[in-house]
Each structure stands twice: as C-alpha cells, then as structure tokens.
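For reference, the structure discussed in these notes is given below.
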Amino acid sequence: MKFKFRRYYLYYLGRCLAFIIYLFPLRMGLILASLLGRIAFGLVPKYRNLALENLRAAFPEKGEAEIRRIAIGVFENLAKVGIELINFPKITKDNLDRFVTVENIGIFDEARKKGNGIIVLTAHFGNWELLAMTIRLKGYPGAAVGRRIYFHKFDRYLNELRKTGLVNVIDRTESPRRFLKVLRSNEILGMLADQDVDSVEGVFVNFFGTPAYTPIGPAVLASVTGAALVPVFIVRKGLRHRFIVEKPVELVDTGNKEADILTNTQKWSDVVESYIKKYPDHWVWMHRRWKTRPK
C-alpha cells in the first residue's frame with residue numbers, strides 16, 4: 001500500500017509541475033530542462049554510474065572528462081524530451097516547421113508506391129516521441145509499437161499527449177495481426193528495437209564491439225510483408241530538430257531464414273550505431289543494453 005500511495009503522490013505532483021511548465025514558453029522550459037538534467041545526474045547514482053560504465057565500454061578512446069560530459073548531456077536530453085512532451089498540445093500541423101526541419105521525407109512516398117507499407121525503425125534517440133508526431137502531422141497514416149507504463153495513470157497521460165499529435169500506439173504484447181494490418185493497409189509502423197528485452201525473440205548482433213541481444217521483429221515483419229525497412233532519426237539542434245529519413249535497408253534473402261534474420265538485424269543495428277556514434281548524448285545510455293549474454 002505504501003508503494004501504491006507513492007505512485008499516486010508522484011503522479012499528481014508531476015501533473016501539477018507539468019501544468020506550470022506548460023504555461024511558460026518552450027524556450028524557457030528547455031533552459032529549465034538543462035538544469036533539471038544536471039540535477040538528476042547528481043541525484044540518481046544508479047543510472048549515472050550505469051551510463052558512465054556503458055560509455056566507457058563503447059568509447060574506450062575517450063577520456064574521462066569527455067565521457068562525463070556526454071553522460072550529463074544524456075540526462076539533459078531526457079529532461080528536454082519530457083519538457084517537449086508536456087508542450088505537445090502547442091505543436092500543430094501548421095506550426096510544426098518552426099520546431100522540426102524535415103529531410104528526405106520523399107523516401108516515404110517512394111517506398112509506399114510498392115503498396116506494402118513501411119517499417120520506420122528508430123531508437124530511444126533524440127526526442128523519439130516528437131519523431132512519431134512529425135510523421136503523423138506530415139500526413140502519413142500509421143501507428144507506433146510501444147509498451148504500457150506500469151502505473152496506469154502515467155500511461156493514460158502519456159497517451160493523451162501522444163494523441164494531440166495524432167500518434168496511436170499499439171502495445172507490443174498485442175497480436176501481431178495488428179502490426180500486419182497496418183502494413184497491409186500501406187501505412188507506417190514505427191518500431192524502437194534498440195533495447196535488450198529478453199521477453200521478445202531476438203538474436204545477438206555486434207553493437208559497439210560487443211554482442212547485444214536485439215529484437216528480430218523488424219527484420220521478420222519486413223521479410224514476411226515486403227514492407228520497406230526505413231531508419232529514421234531526429235537530431236536536436238539548439239531549440240530545433242532535424243528529422244532525417246535514411247534510405248531503406250537493403251535486405252538479403254538467401255533462403256536461409258535464420259541467417260537472413262541475423263544479417264538483416266545486423267544491418268539496421270549498424271545504422272543505429274552510426275547515429276549514436278555521431279550524437280552520443282542523444283541515446284539512453286542508462287539502459288542495460290548488454291544485459292543478456294550469449295550462452
């Protein structure tokens with residue numbers, strides 16, 4: 001009961017803070033987010049140390065000062081994601097271009113000509129929630145695959161904010177038929193497959209020089225449906241963002257199902273890694289990405 005009460009207390013406190021933050025201009029909120037991110041870096045040693053540990057392993061060539069600077073940037077970025085999420089109701093189709101510069105979105109139009117839909121593959125990178133909103137506000141139909149937040153009130157509030165940007169979320173535990181329906185309707189299915197989730201089927205691919213357990217869902221869905229597998233990223237640039245659509249991943253089909261899944265998963269994982277290397281403070285390094293180990 002004590003823990004349940006604390007959830008409600010934190011929820012209503014968070015909603016009050018969100019209301020206050022929403023009243024201020026977004027620019028002011030982002031300045032506050034930088035401060036909050038730095039405070040969080042100092043107050044949560046568990047996640048701070050995990051981020052530092054992962055960064056040292058991924059970038060052995062970087063000095064400790066640079067590693068620490070990147071880690072602080074990670075916490076600042078997450079705080080900014082939260083502030084921007086609260087401000088989603090202020091972003092509309094008419095003013096989206098004030099916040100986001102879109103690059104290569106014509107790749108979507110070319111891919112949809114084949115009629116098999118698109119799997120947009122991204123990561124917990126930059127503001128991935130704004131990425132989904134941008135796709136929908138630019139007029140592309142579809143849904144994103146996600147997972148519920150354990151506490152139902154937080155989950156409901158998050159989805160209310162998403163819906164202001166027309167973003168619909170399909171829970172990852174639901175029937176695959178819902179994913180297939182989106183693709184067979186020639187729509188866009190958004191997937192974040194950059195985390196170690198041992199409850200879903202995966203394979204080990206090379207990620208920053210270490211085997212990382214990685215979901216095979218994107219590669220399997222693309223193979224079964226013929227959908228284009230398109231990596232998309234959103235990069236923070238000051239107070240604005242760059243929305244970047246990459247060329248579709250060229251999938252292999254040798255007839256060896258298991259080998260092809262491994263090869264195709266490695267291909268898109270390499271694209272994700274390349275962006276994280278360019279913008280290391282954009283990714284959630286406090287996740288235990290290499291938790292599951294090969295037998």
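A short reminder: the numbers here are calculations on the coordinates, not readings from a lab. Remember, predicted model here, so these are calculated numbers, not experimental data. For neighbour counting, all protein chains shown are included, and Cβ atoms are generated from backbone atoms with ideal geometry for every residue, glycine included.
Across the range 2-282, the relative contact order, built from alpha-carbon pairs under 8 Å that are at least six residues apart, equals 21 percent.
A Stokes-Einstein calculation at 10 °C with viscosity 1.306 mPa s, built on the Kirkwood radius of the chain over Cα pairs, returns a diffusion coefficient of 79 µm²/s.
Percent of alpha carbon pairs in the range 120-268 separated by more than 17 Å? The proportion of pairs with Cα distances above 17 Å equals 65 percent. Each peptide in 78-86, 96-104, 209-217, 176-184 was scored by the mean count of other Cβ atoms within 10 Å over its residues; highest first, the order is 78-86, 209-217, 176-184, 96-104. When the inverse distances between all different Cα atoms of the range 1-105 are averaged and flipped, the Kirkwood radius reads 16.1 angstrom.
Express the Stokes-Einstein translational diffusion coefficient of the range 194-294 in µm² s⁻¹, to the nearest whole number, given a Kirkwood radius over alpha-carbon pairs, 25 °C and a viscosity of 0.890 mPa s. Estimated via Stokes-Einstein, D reaches 168 µm²/s.
Rounded to the nearest whole Hz, the Karplus-based 3J(HN,Hα) values (6.51 cos²θ - 1.76 cosθ + 1.60, θ = phi - 60°) of the range 221-229 follow the sequence 4, 5, 5, 6, 9, x, 5, 6, 9, with x at glycine and proline. Kirkwood analysis of the range 33-178, using all unique Cα-Cα pairs, places the hydrodynamic radius at 17.6 Å.
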